[in-house]
Every structure is written in C-alpha cells, then in structure tokens.
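Everything below concerns the one structure shown next.
The values are calculated or read from the model by the stated rules, or taken from the named source; none is laboratory data. Because the structure is predicted, anything quoted here is derived from the model rather than measured. Cβ sites come from the backbone with ideal geometry, for glycine too, and all protein chains shown count toward neighbours. The area values use the complete protein model at the heavy-atom level, side chains included, leaving out ligands, DNA and RNA. Shrake-Rupley method; radii C 1.70, N 1.55, O 1.52, S 1.80 Å.
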Amino acid sequence: MNTARLLFLGMFVVGVLTTPAFSQVQPLTVERIWGSEEFDTDLVSVRWASDGRSYTETEENDDLTDLYQVDVATGERVLLVRGSDLVPPGTRTPIDIEEYEFSPDRSKLLIFTNSIRVWRRNTKGEYYIWDINARRLTPISAGSGYQQYAKFSPDGRLVGFVRDHNIFVTDIATGSETQLTTDGNDNIINGASDWVYEEELGLRDAFRFSPDGRRIAFWRIDQTVIKPFYMIDETELYPELVPVRYPKAGEQNSEVRIGVVDITVGRTTWMNLGEEEDIYVAEVGFAGSADEIWLTRLNRHQNRLDLMLANVLTGESRVIMADADEAWVDAHTPTWIDGGRQYVYRSDRDGYSQLFLFDRDGALVRKLTTEEWDVLNVVGVDDEDDVVYFTAAADGPLQRPLYRVGLNGSGLHRVSVDPGTHSVTFDPTFEHYIDTYSRAWIPPVRTLRTAGGALVRTISSHEVLQDQLQSLGLRPPEFIKIPIEGGEELNALLIKPPDFDPSRRHPLLMYVYGGPGSQTVTDSWGGARYLWHQMLAQQGYLVASVDNRGTGARGARFKKMTYLNLGRYESADQIAAARYFGALPYVDESRIGIWGWSYGGYMSSLSMLKGGDVFRAAISVAPVTDWRLYDTIYTERYMRTPQENPGGYREGAPLNYAGNLQGKLLLVHGTGDDNVHSQQTLQLVEALEEANKQFDMRLYPNKTHSIAGEVTRVNLYTLLTSWLEENLYGQGSIGHQIP
C-alpha cells in the first residue's frame, strides 16, 4: 500500500474522529457560501523578479492595491508601490492595480485598471506606466478609447497595445504613439482574437514582440463571413439586439493571416500558411531569432497540427514537425530551449501524453518520458541543469505531483512529496518555486520551496479557513472505483452526511461534467461548489461525482473513445454509475438525482432522458441540447461537422429524447450567455412541450454562461437547494430505516 493511500486514510479517520458532534455544528447555508467572504481564499497574484531573488505580491488596502517586494532569502516584505500614490495627471482619485507587469530593467510598472468585460474576462481597460524612481504615473496613450493587451517590448523602449482592433506602440521616452495597422474594424481584428479563438483556443492577446523589439508578429482575423448570432436584452423598454460573431458547427470560420510588422518603417510581411485556407493558427512566437517566427497550424478537423517556421522578411515557411491522430490532436505549445535550438513538445502519439525533445529542424532527439501515465503540464525547462519540470498523473488520475526528468531522458524524479494537487511556478533561474497545493478537503496552501522540493517558508496556509472547515464537522470525500461493462473502472467520489448512518437509505445527488479530457474527481480543493455539496450532505443527502469514459488523465484511448459520438458513452456511464449507487444498501434507489453545468448540463439532461426511471430528478444549467447549435472549434474537434456526421449529431442531442422524460427536470439558463446560447434550452423546451412533458425552468436576464454575481449566485443556489428538497429529497421518507 502506497504512502499517499495511508496518509489519506489517516487524515480521513482523524477528520471524522476529531470533528464536533453534528448537533453542535453551525450548518452551512447558501448565504454563508455564496453571499459572504467567510470561506474565501486569500491567494494573491505573485510575480517573480528576473534574477529569482525576490517576488512581488499585492495586498488590498482601503479598496486600493499596494504592491510589495518579498526577499526570497529572508522573507522580508518591502512596500514597493503604494496604491494611494497612483493618481493620474489632472485627477485626485487613485487608480487600482488590476494587473501589472515590470519593465525589463524593473524601473517601471505597467498597470492595467478600470477594466470592462469582453466575453469571459475583463480584457479592455486603461493602462498607465508608473515610474518607480520618479514616482510619476503616465497613461500609455493620449488617444481616446480602451486599450487591450499592453506589454513592454523586450528592450523596454516601447509599449505595444491594441485599440479598436488595431495595433499601436508608444515610445516610453517621448510619449509618441505610432499606429502599425490601419484596417481594423468590426470585421477585421488585428492583435486580438474573435469569439471562437478566445473561447476554444485560449487566444486573447494576439501579438508578439521580436526579441530585439524591432518587429511585432500578429494575428489578423477577418470575421466578415461569420453570421451574427443575436442575443436579446429585454430589460429595456424596447429590446436591444446584441450581435455576436459566432461560427456554429459546419458553418464558415474567420479567415486568419499572420503578419510581421517592422515597427520602424511600418511595413507588414505576411507569412505563407500553406495552400489549405480553412485552418486555425493556435499560437505564434519568436524562438531565439528575430528573423524567424514559429507557429502551430491546425487543419479544420483538428486531427493534424503542424509546427512551422517562417521567415519574417520573406514570409517563406516550412513545416518542421507534425502531430496527427485518427481522432484529434491537442494544440500544445512547444517549450523552446537552448536559445531556440531545441524544443520540448507534449504529445499523446504513443498512447499517453508524453514529452519529446526535438531539434529546431524538427528532427526527434529523444523521447523524455516513457511511462504509462499522462504528463499534464510542462512547468518549465532549466537550460543550465538540462532538466524539464512537469506535473503528471504518475500516482493516478486523481493526483497532480511535480516531477522532473533530464533532457537526456534519464533521472526521472518526483519532486513534490505531499499527495494531492500541486500547481507550480518556478523563478526564472529555477532555484526556487512557489507551490500552490490542495486536497479535496484541504483549501490551497501556498509555499516557497527550493528546486529540490525542500520547504523554505509558508506563504499562505489558510489556517483560519481550515479551522472553520474543521468546526463544520464535515466528512472528507471518499474516493472509490465503479466497475462498468467491459471490465473498465470509473473513478468516483462520494460525500456522506456528517452523521451518516449506514442502516438508513439516503437520497443521492450526482454532480457531472464529463466532457472530453475533463475531470471532476480529483484530489483538489473544490471551492464553493464543494461546500454546497457538503451543505447538502449536512441536510441528509449523499453527493457523488463520476468521471465517465472520455475524461482526462487516463491516456489517449480512454479520452478519445467518445470521438464522433459525444454523449453516447458518457451518458451510459452516468446511468450505470447511478444503478451501481442504487444497489448500495444505504442509497435510496428511488431518489437518485443528477445535476451539471455547461457540458455537465448537457450530460445531466441527456442521462435523464436516456436513463428511463433511474433518475428521479435532474438539474441542467446552461446545457448544450444539440451540437449543431454550438461553435465550430470545440464541436468539430470531437464530432467533425454535421454534414459529415449526421448520425452522431442526432444521437448526441438531448432534444431528440424529450419524449422519454419520466422524472422531474429543472432547466436554468442566462439569456446573455454568449457561449452556450439560451437558444439551446429554448429548443429543448419546445421539444418537451411538443411531447407534452412537464418541467421547470428559470431564466436569468442578461446573465452570461457563469450566471455570476454575489446576489445572483445566492438566488441560483437557493433555487437549486429548494428545488432538490421538493423534487428529490422530499420524494419519500427521509433517511428511512432499511427494511
């Protein structure tokens, strides 16, 4: 038996034995979880200095943000920037630091403030430069309009930014501003991304300085051919149409070009991206040379990724490495090392996500990891010690330990000791790292450690929060395995009531996400949603979650078996898991429910509609109900187009099973959801009405996919709690004695 298993069992026993009597516990409530700061974590943004000898962290002070420098060796904190000093010229009101970046020589600070939301994040706002020595605050632009993605050039002379879909640079010394692109408008986007690139490829900031600061490589995205999807704001006297350029599965995508503009003369050279026009460019960058860029090109099916090098003077390009699969490939980013002479790349081409070392010309040097588990994240490469650091599912899919291996393929070594989940940020010299660690019942603990894993000091322990959690008398989740047909086992977790009595039958609520490569069953802190599940457990529920086939950290075969058939295996697994739980002596098989959000909303509705009488109740928040209504990049990656795979689309659409509804169903959606449009829920509503089925529905006007906001979340989870009490918990005698 391994030490992680022993530690888990020990902590579980201690946690159960040392908690106060349940009758003495102040119960969790929706208001405590969602309407207060009682269970918030205090992790703040941390940035390393280039020499690795210090890092900076922010601290709130009277609604403003102060910036401190922390010495690595001593832990001494020195106030570097006082928030109250950051007063723009001609005003009396300080700005707040929302994000920041140091100039290369650390004499200046680029500050982002007064931001507004664009799709998922606040990416438009105002940028200022704070001269640390002169104690002077200056806007980066004298022009009108919000700026986006501002950054220093590598030589520190310039700040580049995007405004109104065009790229600009400001000379810091003179304050003069130069516009580098001129064709930006509502259809043409330079230096930023369209909706689908941002949502599905994670691209927002879409321009890159060359190492010498003389050029900028950038995306030019022409979304003219994309049909607008109109959301409606009906809170005004006359409804307002809100258009979103949203490419749906099988429809046309934006046209993408990659340009490199010479800042001095303003001339742009366009890179040759090949003859195939219907492509995606997932990432672009400079590696070692200012005269050559690299880029990752995906075909429309996303089953081939080409790593290319292109000459910035001529635009000539060549493919140096290809990653291909019968299903799909994930668009990983190469980690360039040795001055751009080599790169480390992650691929599951051999069945598991592993690390490979290539030369700049694309020749394979060697495979660095050869284990039958997935590498999950490349943390960094130490060029001097010839070591790559990464997290991996080396202890199984539930854990995220830190490992390292030599660039010669030898010396595989586990760095982190504690079981659980580790999120790691190394300093630029790779002498220290900051480790953010958590477990399913332990909120994040942030520590400073040496490269070898030795503890230097604890940065944030959340002792008060841990004491609060201990006082609640909660049972830690139990991790179990559920056998399914074909000999496969699914990872699951189960939360039991604090006063759990195995001689009584309990209602069971299953929480599901289930999408490709995702996981809900991990040994990591689950935040407010986890506490809400524990609140339900305090009220007498059992709460479970199951990672179905198609989820991550179990190799390519397990993850990609759902290809072309989203929903088929995942819903079958959730139904099988419900039957498994229903056969346990302490589960009331007549009171099993399921809930989920987004892909989880899709899964909860599909499982409910295909599961017969297995589920008494289901909650579906912001669900996909027909993949034809979702975006190109995500949907086609796993399903190809509706024209190519009509059967897969029909089988995977919950609205096609509306007539099968037997239990209680609650549909929830925000009408301002630009991701999964409320159209998805309304089309399922239409199908349910045509089948003469009864259901419940709640719409949140103008709320996005996250249905966010303190009051909104309290309202939402109050709804979910009361609805479950009426339709699941109350459907029988609660916790009745087993006959």
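When the Cα positions of Thr641, Pro623, Leu661 are compared along the charge dipole of segment 608-665, Leu661 comes out farthest toward the positive end, with charges on each C-beta of Lys, Arg, Asp and Glu. Here each label is just a point 7 Å from Cα along the line to Cβ, and for Ala363 and Ser410 those points are 2.2 nm apart. Summing charges over all other residues whose Cβ lies under 12 Å from the Cβ of Tyr511, with Lys and Arg as +1 and Asp and Glu as -1, gives 0. Across segment 88-135, the relative contact order, built from alpha-carbon pairs under 8 Å that are at least six residues apart, equals 29 percent.
Summing Lys and Arg as +1 and Asp and Glu as -1 over all other residues whose Cβ lies under 14 Å from the Cβ of Glu292 gives a net charge of +2. Taking only the alpha-carbon positions of the chain and ignoring solvent, what does the Debye formula give for the base-10 log of I(q)/I(0) at q = 0.07 Å⁻¹? The Debye formula, applied to the Cα set alone, gives -0.54. Remark on Lys703: its backbone amide H falls under 5 Å from those of Thr671, Gly672, a criterion applied only to residues 5 or more positions apart or on other chains, H modelled at 1.01 Å from N.
State the extension gain, in nm to one decimal, for the chain segment bounded by Leu79 and Gln679, taking 0.36 nm per residue of separation less the distance between their alpha-carbons.
Details: separation 600, 0.36 × 600 = 216.00 nm, distance 5.08 nm.
Computed gain between Leu79 and Gln679 is 210.9 nm.
What is the distance in Å between the Cα centres of segment 184-207 and segment 344-382? Going from one Cα centre to the other spans 29 Å. Candidates Val78, Pro443, Asn253 compared by Cα position along the dipole of the chain: farthest toward the positive end lies Pro443, with charges placed on Cβ.
Length gained on full extension, Asp62 to Glu276: 71.5 nm, using 0.36 nm per residue less the C-alpha separation. Distance from the C-alpha centroid of segment 306-343 to that of segment 242-256: 26 Å, rounded to the whole angstrom.
Rg to Rh ratio, segment 48-164, alpha-carbon atoms and Kirkwood radius?
0.96
The 3J(HN,Hα) values that the Karplus relation (6.51, -1.76, 1.60; θ = phi - 60°) gives for segment 669-675 are, in residue order, 7, x, 6, x, 6, 7, 8 Hz. Gly and Pro appear as x. Residues whose amide H comes within less than 5 Å of that of Ile480, counting only those at least five positions distant or on another chain, are Ala492, Leu493, Leu494 (H built at 1.01 Å from N in the peptide plane).
Where does the chain land at 222 nm, in deg cm²/dmol rounded to the nearest 500, when only DSSP H runs of n ≥ 4 count, each adding -39500 (n - 2.57), divided by all residues? Mind showing how you got there, number by number?
Details: 12 runs with 123 residues, N = 739.
Per the formula, -5000 deg cm²/dmol.
Rg and Dmax over the alpha-carbon atoms of segment 96-194 stand at 13.2, 43 Å.
Under the 0.36 nm per residue contour assumption, what length would be gained going from the current alpha-carbon distance of Thr224 and Glu431 to full extension?
Values: separation 207, 0.36 × 207 = 74.52 nm, distance 4.90 nm.
Contour length minus Cα-Cα distance gives 69.6 nm.
With the cut-off at 1.5 for a/c, could you classify segment 435-553 from its C-alpha gyration tensor as rounded, prolate or oblate? It is oblate, given that a/c is not under 1.5 and a/b is not larger than b/c. With the simple spin-label model, which puts each label point 7 Å out from Cα in the Cβ direction, the Asn133 to Glu31 separation comes to 5.6 nm.
How big is the Rg/Rh ratio for segment 690-731, C-alpha atoms only, Rh by Kirkwood, two decimals? Here Rg/Rh amounts to 1.07. Its relative contact order, with pairs defined as Cα atoms under 8 Å and 6+ residues apart, puts segment 152-265 at 21 percent. In straight Cα distance, which lysines are under 18 Å from Lys227, not counting same-chain residues fewer than 8 positions off? Here the lysines satisfying the reach criterion relative to Lys227 are Lys248.
I'd like the carbon and sulfur percentage of the solvent accessible area for the chain, probe radius 1.4 Å, heavy atoms only, ligands and nucleic acids excluded. Looking at the chain in its full context, I get 46 percent from C and S. Spatial offset of segment 133-164 relative to segment 37-112 amounts to 18 Å, using the alpha carbon center of each. Using heavy atoms of the protein chains and a probe of 1.4 Å, the accessible area assigned to His165 is about 50 Å².
State to the nearest 20 debye the size of the charge dipole of segment 492-600 about its Cα centre, where the only charges are +1 on K and R beta carbons and -1 on D and E beta carbons. Don't skip to the answer; put the middle values down first.
On the way: 12 positive and 8 negative charges, 77 e Å.
The dipole of segment 492-600 has a size of about 360 debye.
Rounded, prolate or oblate: which one fits segment 415-504, using the alpha carbon gyration tensor with axes a ≥ b ≥ c (rounded when a/c is under 1.5, else prolate when a/b beats b/c, else oblate)? The shape class here is oblate.
So, counting K/R as plus one and D/E as minus one, what does the shell of residues with Cβ under 14 Å around Ala576 add up to?
Values: positive: Lys481, Arg549, Arg568, Arg579, Lys610; negative: Glu485, Glu488, Glu489, Asp547, Glu570, Asp573, Glu589.
Net local charge, Ala576 excluded: -2.
Measuring r between the beta carbons of Thr264 and Ala454 and using R0 = 35 Å, the FRET efficiency lands at 0.10. Once you have a ≥ b ≥ c as the square roots of the Cα gyration tensor eigenvalues for segment 360-515, tell me rounded if a/c is under 1.5, and otherwise prolate or oblate according to whether a/b is larger than b/c. Oblate, since a/c reaches 1.5 and b/c is not below a/b. Each residue of segment 163-175 was assigned a 3J(HN,Hα) from its phi angle through the Karplus expression (A = 6.51, B = -1.76, C = 1.60, θ = phi - 60°), giving 9, 6, 6, 10, 9, 10, 10, 10, 6, 5, 5, 9, x Hz with x at Gly and Pro. For segment 171-237, the Kirkwood estimate of the hydrodynamic radius, built from every pair of different alpha carbons, is 14.7 Å. Using 1/(1 + (r/R0)^6) with R0 = 30 angstrom and r between the beta carbons of Asp212 and Ser706, what's the FRET efficiency to the nearest 0.05? The value I calculate is 0.15. For the pair Glu589 and Ala528, label points projected 7 Å from Cα toward Cβ lie 3.8 nm apart. Fraction of C-alpha pairs exceeding 21 angstrom in segment 605-733: 45 percent, rounded to a whole number. From zero up to wherever the largest Cα-Cα distance of segment 616-684 sits, split into 10 Å bins and tell me the percent of pairs in each. Calculated over all Cα pairs of segment 616-684, the distribution is 19, 48, 29, 3 percent. Projected onto its three principal axes, the C-alpha set of segment 220-322 covers 57, 38, 21 Å, listed from the longest axis down.
Might you tell me the accessible area per residue for the chain, computed with a 1.4 Å probe and given in Å²? Numbers along the way, then the final one.
Details: 30530 Å² over 739 residues.
Accessible area per residue, the chain: 41 Å².
Dipole of the chain computed with +1 at Lys/Arg Cβ and -1 at Asp/Glu Cβ about the Cα centre; of Phe479, Gly175, Leu407, farthest Cα towards the positive end is Phe479.
Of the whole protein surface, Tyr68 contributes about 40 Å² of accessible area at a 1.4 Å probe radius. Each Lys and Arg contributes +1 and each Asp and Glu -1, all at the Cβ; summed about the Cα centre of the chain, the dipole is approximately 1140 debye.
For Lys664, a cut-off of 19 angstrom between C-alpha atoms picks up these lysines, skipping any fewer than 8 places away in its own chain: Lys610, Lys693. Using the Cβ-Cβ distance between Ala142 and Arg53 with R0 set to 60 Å, the FRET efficiency from 1/(1 + (r/R0)^6) comes to roughly 0.95.
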